[in-house]
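Below you'll find the structure, written out as structure tokens, and then a few comments.
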Amino acid sequence: MAQKTLAEGADAGTLAEPEHPASSKRWWILAVIALAQLMVVLDATIVNIALPSAQKDLGFSDGNRQWIVTAYALSFASLLLLGGRIADLFGRKTAFLAGVAGFAAVSALGGAANSFGMLVTARALQGVFGALLAPAALSLLNTTFTEARERAKAFSVYGAIAGAGGAVGLLLGGLLTDAFDWRWTLYVNVVIAVFAFAGGWILLTNHRDATNGKLDMPGTLLVAGGLFSLVYGFSNAETHDWGSPLTWGFLIAGGVLLTAFAWWQTKAAHPLLPLRILLDRNRAASFVSVLISAGGMFGVFLFLTYYLQLNLGFSPTKTGVAFLPMVGALMVAAQLGSTALLPRIGPKALIPLGFAISAAGMAWLTGIGVGSSYVSAVLPQLIVTGFGLGLVMPSAMQLATGGVTPEDAGVASATVNAMQQVGGSIGTALLNTLAASAATNYLSGRDATSKLVQAQATIESYTTAFWWSAGLFAAGAVIAFLLFRRGVPEQDADAAPVIHM
């Protein structure tokens with residue numbers, strides 16, 4: 001183990017700033033990175049609206065339907081840290097272009113699927129290439145923008161896309177399904193990838209900041225197995241119960257493997273996730289904030305989609321349009337938070353404030369009923385929730401990746417994406433289970449054949465999910481307030497790395 005050293009500036013929560021000079025084409029690079037990130041984020045939700053059409057076309061069962069979504073999340077979450085380290089070792093441009101090209105190819109495979117197995121395989125492979133692409137894109141952003149003010153603007157754009165991409169996916173999925181068919185929710189990635197690949201090929205340079213490092217294979221196997229088991233266990237809670245061995249068995253296995261991974265990282269000569277990345281207090285708090293915000297967001301996207309389509313009778317396209325005000329509020333707040341508020345009041349005030357606003361929006365959303373109006377019972381609440389999330393996500397992502405040494409940029413970026421994917425998977429499973437229990441409890445002792453009773457039972461399930469999302473955001477406010485340092489984080493370019501393990 002190498003000698004441990006503490007930076008004099010460690011208490012300020014900073015690591016060495018990347019030393020790559022600012023590129024004259026950096027804003028074009030931002031556009032390319034944002035386009036690629038949009039493609040990855042879209043695929044977490046774009047297929048959801050198309051699932052009924054795909055199920056009818058390919059003839060798979062309701063029980064198998066969830067695996068179209070879960071296959072993507074499983075491979076994506078479990079391989080993100082490996083993808084980030086590959087970007088550090090072999091070059092970010094190489095990883096970015098390979099990720100874009102591979103993602104496009106397997107998306108075309110999924111669009112041409114003639115069986116359930118072929119579609120699930122394509123979705124799993126999308127996750128594999130997404131795990132290579134997403135951390136490469138975020139680390140490219142981190143090393144391209146080195147001036148503080150410009151970096152804040154770039155991360156406000158990136159964070160807005162990360163936060164709003166799910167809603168945009170619902171809109172685009174509805175439009176494509178209505179105008180063409182479900183297969184275009186996958187084919188559209190080929191169109192996006194052409195522009196992202198061409199832009200990346202022309203504009204990017206291939207930094208290889210960890211050329212002297214080696215791939216940590218034991219760590220890779222431990223973390224991939226741990227994240228897979230964790231996401232798989234929570235996913236099984238949706239179709240089984242919490243007492244099923246397929247649920248608790250995999251959750252326990254995931255915990256054991258991740259614990260073993262953390263231990264191994266203290267011993268490995270070339271760790272996959274250097275612990276110096278996690279030992280910065282603001283960075284660790286940012287990872288937790290991304291995890292919580294992703295988990296709570298599914299209370300908005302998933303159950304509100306059901307409510308708009310099944311209870312208010314919205315079409316897939318109209319459902320997607322209904323989320324646009326939330327996207328707009330999120331993007332306004334992202335710009336305001338990252339560029340104006342974070343440099344002035346710091347994360348200890350800003351991120352808990354964002355969580356509190358989102359919690360208020362979700363609590364307000366529990367007032368929906370069978371005959372509610374979108375304009376009065378949904379629209380204002382969406383705007384409030386979106387504004388709160390816009391204050392949280394871009395700022396947390398900026399702090400999570402800011403100040404890392406260039407050789408760690410990819411793995412730090414991968415950790416952010418892993419937090420987002422794992423948080424979303426856990427949130428989906430928890431909220432689905434709680435919502436289903438609420439509907440069952442409401443039907444108990446009532447006439448379950450009555451359409452009015454059935455409709456009210458669905459409302460109970462939605463509002464239960466919204467209350468729990470509000471509680472999750474409220475907990476996020478408290479946790480963020482306790483974890484983040486006081487004051488405005490400073491970027492000290494002369495500070496040594498916090499700890500060399």
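Of all the residues in the stretch 325-347, those that are in contact (Cβ under 8 Å) with a residue 60 or more places away in the chain, of a type outside the set (Val, Ile, Thr) and open to solvent by 30 Å² or more (accessible area, probe 1.4 Å) number 5.
For residue 322, indicate whether it is more than 19 Å from residue 46 (Cα to Cα), of a type in the set (Gly, Ala, Ser), modelled with pLDDT under 90 and open to solvent by less than 50 Å² (accessible area, probe 1.4 Å). No, not satisfied. Here residue 370 fits the description: on the phi < 0 side of the Ramachandran plot, touching a residue at least 60 places away in the same chain (Cβ under 8 Å) and part of a loop (DSSP other than H, G, I, E, B). Would you confirm whether or not the stretch 373-391 contains a residue that is part of a loop (DSSP other than H, G, I, E, B), at pLDDT 90 or above and within 24 Å of residue 306 (Cα to Cα)? Yes, the conditions are met somewhere in the stretch 373-391.
Rundown of residues vs (1) touching a Ser or Thr at 6+ places or on another chain (Cβ under 8 Å); (2) of a type in the set (D, E, K, R); (3) modelled with pLDDT under 90, yes/no style:
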{"residue": "47", "(1), (2), (3)": "yes, no, yes"}
{"residue": "52", "(1), (2), (3)": "no, no, yes"}
{"residue": "72", "(1), (2), (3)": "no, no, yes"}
{"residue": "91", "(1), (2), (3)": "no, no, yes"}
{"residue": "119", "(1), (2), (3)": "no, no, no"}
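All of 191, 290 fail the test of being out of contact with any Cys (no Cβ under 7 Å at 6 or more places or on another chain) and touching a residue at least 24 places away in the same chain (Cβ under 8 Å), apart from 290.
If you check 186, 221, which single one turns out to be at pLDDT 85 or above and open to solvent by 60 Å² or more (accessible area, probe 1.4 Å)?
221
What pairs can you find where one residue is in the stretch 267-281 and within 19 Å of residue 86 (Cα to Cα) and touching a residue at least 24 places away in the same chain (Cβ under 8 Å), the other is among the basic types (Lys, Arg) and outside any loop (DSSP other than H, G, I, E, B), and their Cβ atoms are less than 7 Å apart, with a gap of 6+ or different chains? Note: pairs meeting the criteria are 272/85; 277/283. Being surrounded by 24 or more Cβ atoms within 10 Å (Cβ to Cβ), in contact with a Pro (Cβ under 8 Å, 6 or more places away or on another chain) and not aliphatic (A, V, I, L, M) is a description that applies to residue 395. Does residue 136 satisfy the criteria of being in a helix (DSSP H, G or I), open to solvent by 10 Å² or more (accessible area, probe 1.4 Å), within 16 Å of residue 82 (Cα to Cα) and at pLDDT 75 or above? In short, no. Criterion first (at pLDDT below 80, in a helix (DSSP H, G or I) and open to solvent by 30 Å² or more (accessible area, probe 1.4 Å)) does residue 421 satisfy it? Yes.
Looking across the stretch 300-349, the residues that are under 19 Å from the mean Cα position of the chain (by Cα) and among the hydroxyl-bearing types (Ser, Thr, Tyr) come down to 305, 338.
Taking the numbered list (1) in a loop (DSSP other than H, G, I, E, B); (2) open to solvent by 50 Å² or more (accessible area, probe 1.4 Å); (3) closer than 19 Å to residue 397 by Cβ in turn, residue 273 passes all entries but (2).
The values are calculated or read from the model by the stated rules, or taken from the named source; none is laboratory data. Small disclaimer: the values here were computed from a predicted structure and weren't measured. Glycine also receives a Cβ, built like all others from the backbone with ideal geometry; neighbour counts cover every protein chain displayed. Accessible surface areas use protein heavy atoms only, side chains included; no ligands, DNA or RNA. Shrake-Rupley method; radii C 1.70, N 1.55, O 1.52, S 1.80 Å.
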